[in-house]
1. Filter segment 119-131 for residues that are of a type in the set (A, V, I, L, M) and in contact (Cβ under 8 Å) with a residue 24 or more places away in the chain; which is surrounded by the fewest Cβ atoms within 10 Å (Cβ to Cβ)?
2. Tell me the residue from Gln159, Gln141 that is under 24 Å from Ser31 (Cα atoms), open to solvent by 90 Å² or more (accessible area, probe 1.4 Å), in contact with a strand residue (DSSP E or B) (Cβ under 6 Å, 6 or more places away or on another chain) and not in a helix (DSSP H, G or I), please.
3. Report whether or not Lys160 is over 19 Å from Thr65 (Cβ atoms) and charged (D, E, K, R).
4. Among the residues of segment 36-47, is any among the acidic types (Asp, Glu), at pLDDT 90 or above and not in a loop (DSSP other than H, G, I, E, B)?
5. Checking the conditions here, which among Gly90, Gly116, Gly134 is open to solvent by less than 60 Å² (accessible area, probe 1.4 Å) and in contact with a Lys or Arg (Cβ under 7 Å, 6 or more places away or on another chain)?
6. With respect to Gln99, determine if the residue is farther than 30 Å from Tyr35 by Cβ and surrounded by 13 or more Cβ atoms within 10 Å (Cβ to Cβ).
7. Here is a list: Ala84, Ala117, Ala110. Which entry is over 21 Å from the mean Cα position of the chain (by Cα) and part of a loop (DSSP other than H, G, I, E, B)?
Amino acid sequence: MDANEVKDVSGRWNDTDSRLVAEEMIPDCLSRPWYTKAQSDLGKNPTVIVGSVKNQSHEHIATDTFVEELQRALINSGKVEFVASKGERGDVREERMDQDTNASEETRKAHGQETGADFMMSGTLNQIVDQEGGKSVVLYQINLKLLNMKTHQIAWNGQKKLKKFVKKAGASW
């Protein structure tokens, strides 16, 4: 099956939901007034990092996949600079320490040269289930915020809702 083919078999959150939400929310985020103001104040494109997106739903959702979709949409927009996540930065720092010992002076990367983020995106993924008999309606509400790293002000607050109707097949013998 093609990875881009849309199939919603269970009515639960899936890879298509992650991709579509990111592709819709990121352009909304970057079209709001905070972006022009940040560009003007900074004199360059703002630098963004995606923090945590917490799963507060009743089902297991791999939020890492959703975070990757957000990162991809931000990077591909060409409107922001992007810095690595906390875990990725740890790996890079470890590699730089190894270079201090093992790499030549000409190719060694110095410590203390990282770019700091101007804004952090974080959020929650919530779920409301309305169920009766073999039918249910599942509402997913995704809330994302963009926080100014210097002032802690909320620069943007976005929301996307997905609603799914699920009908369970009756028992068959």
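The values are calculated or read from the model by the stated rules, or taken from the named source; none is laboratory data. Quick caveat, the model's predicted, so the values are computed rather than measured. Glycine also receives a Cβ, built like all others from the backbone with ideal geometry; neighbour counts cover every protein chain displayed. SASA here: full protein model, heavy atoms, side chains in, ligands and nucleic acids out. Shrake-Rupley method; radii C 1.70, N 1.55, O 1.52, S 1.80 Å.
1. At the first step, the residues of segment 119-131 found to be of a type in the set (A, V, I, L, M) are 120-121, 125, 128-129.
Keeping just the survivors that are in contact (Cβ under 8 Å) with a residue 24 or more places away in the chain gives 120-121, 125, 129.
Numbers: Met120: 18, Met121: 26, Leu125: 23, Val129: 13.
The qualifying residue surrounded by the fewest Cβ atoms within 10 Å (Cβ to Cβ) is Val129.
2. Numbers: Gln141 fails: open to solvent by 90 Å² or more (accessible area, probe 1.4 Å).
None of the other options fit; the residue is Gln159.
3. On the way: over 19 Å from Thr65 (Cβ atoms): no; charged (D, E, K, R): yes.
Spelling it out, it is not the case that Lys160 is over 19 Å from Thr65 (Cβ atoms) and charged (D, E, K, R).
4. Start the filter on segment 36-47 by keeping residues that are among the acidic types (Asp, Glu), which leaves 41.
Subsequent filtering for residues that are at pLDDT 90 or above retains 41.
In the following step, the residues that additionally are not in a loop (DSSP other than H, G, I, E, B) were identified as 41.
Within segment 36-47 (the criterion being among the acidic types (Asp, Glu), at pLDDT 90 or above and not in a loop (DSSP other than H, G, I, E, B)), the answer is yes, since at least one residue qualifies.
5. Among Gly90, Gly116, Gly134, only Gly134 is open to solvent by less than 60 Å² (accessible area, probe 1.4 Å) and in contact with a Lys or Arg (Cβ under 7 Å, 6 or more places away or on another chain).
6. Values: farther than 30 Å from Tyr35 by Cβ: yes; surrounded by 13 or more Cβ atoms within 10 Å (Cβ to Cβ): yes.
Criteria met by Gln99.
7. Only one candidate passes the filter, namely Ala110.
Residues are listed down the side, and each one gets a yes or a no for (1) in contact with a strand residue (DSSP E or B) (Cβ under 6 Å, 6 or more places away or on another chain); (2) modelled with pLDDT of 90 or more:
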residue: Gln56; (1), (2): yes, yes
residue: Ile61; (1), (2): yes, no
residue: Asn76; (1), (2): no, yes
residue: Gly87; (1), (2): no, no
residue: Asn102; (1), (2): no, yes
